[in-house]
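The values are calculated or read from the model by the stated rules, or taken from the named source; none is laboratory data. These numbers were taken from a predicted model, which means no experiment stands behind them. Because the Cβ atoms are built from the backbone with ideal geometry, glycine has one as well, and the counts that use them run over all protein chains shown.
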Amino acid sequence: MRRVVITGMGLVTPLGSDVDTVFQRVVNGDCAIGPITRFDTSEFRVKLAAEVKDGDLSSDFSARELKFSDRFTQFARIAARNAVRHANLDVSVLDSRRFGVILGTGIGGLETTEKAMDSLRSSPAKISSFYIPMSLVNLAAGSVAIDNQAHGLCSCVVTGCAAGSSAIGDAFHRIKFGFEDVMIAGASEASITPLGVGGFMAMRALHEGDDPSRASIPFDKERSGFVMGEGAGILILEELTHAMRRNAVIHGEIIGYGTSCDAFHITAPAHDGSWMAHAIADALTEAEINPGDVDYLNAHGTGTPLNDVTESKAIHLVFQEYAKLLPVSSTKAHLGHLLGACGSVEAILSIKTILEGVIPATIHTQELDPEIELNIVVKESQEKAVRIAMSNNLGFGGHNVSLIFKKWENR
């Protein structure tokens, strides 16, 4: 089978859009969570989110180019451009038939839909002719393909909060099994809107306090829900010989992808963690490594009471006694929960952990839930040589995904 390497990474996050800067801010313990400013929350119990500030959206796209893109598509286009540049990839010389795009999202163009509903209340004639193409979940992938003239597979993955990881895993397999040579893969989300926040608030999934330092606290015994974030994470994946022929800088290798479905409940994970464990085990099998070979695990770690315990059980089922030694952390404490985009952003942070030899801490977590018997890295980042990192994500509908990244070694 063909080897697949990472040659480019691009971000748009509440902590910025430069990969090195974002990772350093995470390592430093910076937190992007603060009062919601994108709409009036006076009638909402939820007051906090992790927003991307418009001033951080530096790009070469003109205001006109972005005008008819929903915010989630804007994030995807900017992060993809950042990733293509990071990869020093000249898309004009690629075989465009073997160059594809797989992007995920959880919700898609929610902001555009809300604006269209405002127009509808006045008159159907006032609905924008761009409403449908702006709101469709596949338009981020389609727009990125247009930007880069990628004529291979162009697809959108919608697996809830596992979407970003699913997209990367599917793109990995497209290259590994010979369909494409280069893939733009990742996810984007922009759901900090009245309907987005209100919907999750109605489910009682969101933290409702007003103290950012005790809002997103994965694995803490006092955790009470997640904090919504927004942004995008994009990887450039390449077949190894293709990357080497153009003398690309290789930042890491993807070696394993496991996925499963709980087939249990529309929102709750299977309580024993068994099907998440299958996804983890399948990723290890494909990577041809043992559980003890994993040096770091970036957990889904949402800070909801049910998710954290269930994920802990899944980790224990696979890693057994090593589960108490394996360093685990959740970077949602820094960035909030980016829903469909969390997996792709966390994949990039996992790759940077390998490159920099520093494991981010789960900031603000103070006293671990006694049901969670894991080696959670808390308070301060930990220097450690990391050769292999795993990133796990779960999504509503029972979706489970595990990705494994490895330090680049030209063997």
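When you go through (1) of a type in the set (Lys, Arg); (2) without any contact (Cβ under 8 Å) to a residue 24 or more places away in the chain; (3) more than 29 Å from ILE404 (Cα to Cα) one by one for ARG245, which number turns out not to apply?
(3)
Take region 1-35 and flag every residue that is among the polar types (S, T, N, Q) and assigned to a loop (DSSP other than H, G, I, E, B). Spell out how you get there, then give the answer.
Filtering region 1-35 for residues among the polar types (S, T, N, Q) gives 7, 13, 17, 21, 24, 28.
SER17, ASN28 - these are the residues of region 1-35 that are among the polar types (S, T, N, Q) and assigned to a loop (DSSP other than H, G, I, E, B).
Against the definition (among the small types (Gly, Ala, Ser), touching a residue at least 40 places away in the same chain (Cβ under 8 Å), crowded, with 18+ Cβ neighbours inside 10 Å and assigned by TED's automatic domain parsing to the domain that holds LYS53), how does GLY160 come out, yes or no?
Answer is yes for this residue.
Test of understanding: among MET117, MET134, which residue is of a type in the set (A, V, I, L, M) and crowded, with 20+ Cβ neighbours inside 10 Å?
Values: MET117 fails: crowded, with 20+ Cβ neighbours inside 10 Å.
It is MET134.
Does GLY343 count as farther than 20 Å from THR21 by Cβ, out of contact with any helix residue (DSSP H, G or I) (no Cβ under 6 Å at 6 or more places or on another chain) and not assigned by TED's automatic domain parsing to the domain that holds ARG71?
no
Output the residue which, of all residues in region 169-225 that are small (Gly, Ala, Ser) and without any contact (Cβ under 8 Å) to a residue 40 or more places away in the chain, is surrounded by the most Cβ atoms within 10 Å (Cβ to Cβ).
GLY199
Do the conditions hold for LEU374, that is, is it touching a helix residue (DSSP H, G or I) at 6+ places or on another chain (Cβ under 7 Å) and within 21 Å of ARG223 (Cβ to Cβ)?
Against the criterion (touching a helix residue (DSSP H, G or I) at 6+ places or on another chain (Cβ under 7 Å) and within 21 Å of ARG223 (Cβ to Cβ)), LEU374 qualifies.
Going through ILE254, ILE217, ILE175, ILE234 one at a time, which residue ends up being within 30 Å of GLU373 (Cβ to Cβ), touching a Leu at 6+ places or on another chain (Cβ under 8 Å) and at pLDDT 95 or above?
On the way: ILE217 fails: touching a Leu at 6+ places or on another chain (Cβ under 8 Å); ILE175 fails: within 30 Å of GLU373 (Cβ to Cβ); ILE234 fails: within 30 Å of GLU373 (Cβ to Cβ).
That would be ILE254, the only listed residue that is within 30 Å of GLU373 (Cβ to Cβ), touching a Leu at 6+ places or on another chain (Cβ under 8 Å) and at pLDDT 95 or above.
Counting only residues that are under 22 Å from the mean Cα position of the chain (by Cα) and assigned to a loop (DSSP other than H, G, I, E, B), which one in region 111-149 is nearest to HIS337 (Cα to Cα)?
Looking at residues that are under 22 Å from the mean Cα position of the chain (by Cα) and assigned to a loop (DSSP other than H, G, I, E, B), I get VAL137.
Just one of (1) of a type in the set (S, T, N, Q); (2) in contact with a strand residue (DSSP E or B) (Cβ under 6 Å, 6 or more places away or on another chain); (3) over 30 Å from SER350 (Cα atoms) trips up SER122, so point out which.
(2)
Would you say PRO269 is surrounded by 22 or more Cβ atoms within 10 Å (Cβ to Cβ), part of a loop (DSSP other than H, G, I, E, B), in the same structural domain as ILE354 (by TED's automatic domain parsing) and not acidic (Asp, Glu)?
Considered against the rule, which asks whether it is surrounded by 22 or more Cβ atoms within 10 Å (Cβ to Cβ), part of a loop (DSSP other than H, G, I, E, B), in the same structural domain as ILE354 (by TED's automatic domain parsing) and not acidic (Asp, Glu), PRO269 comes out as yes.
Quick test for you: out of ASP18, ASP54, ASP60, ASP40, pick the one residue that is assigned by TED's automatic domain parsing to the domain that holds GLY178, over 30 Å from SER129 (Cβ atoms) and surrounded by fewer than 24 Cβ atoms within 10 Å (Cβ to Cβ).
After ruling out the rest, the residue left standing is ASP18.
Condition first: in contact with a strand residue (DSSP E or B) (Cβ under 6 Å, 6 or more places away or on another chain) and assigned to a loop (DSSP other than H, G, I, E, B). Now tell me which residues in region 380-408 satisfy that.
Listed by number, the residues that qualify are SER381, LYS384, VAL386, GLY398, TRP408.
Given the conditions (1) under 23 Å from THR159 (Cα atoms); (2) not assigned by TED's automatic domain parsing to the domain that holds ALA299, and given that HIS251 satisfies all but one, which numbered condition is not satisfied?
HIS251 satisfies every listed condition except (1).
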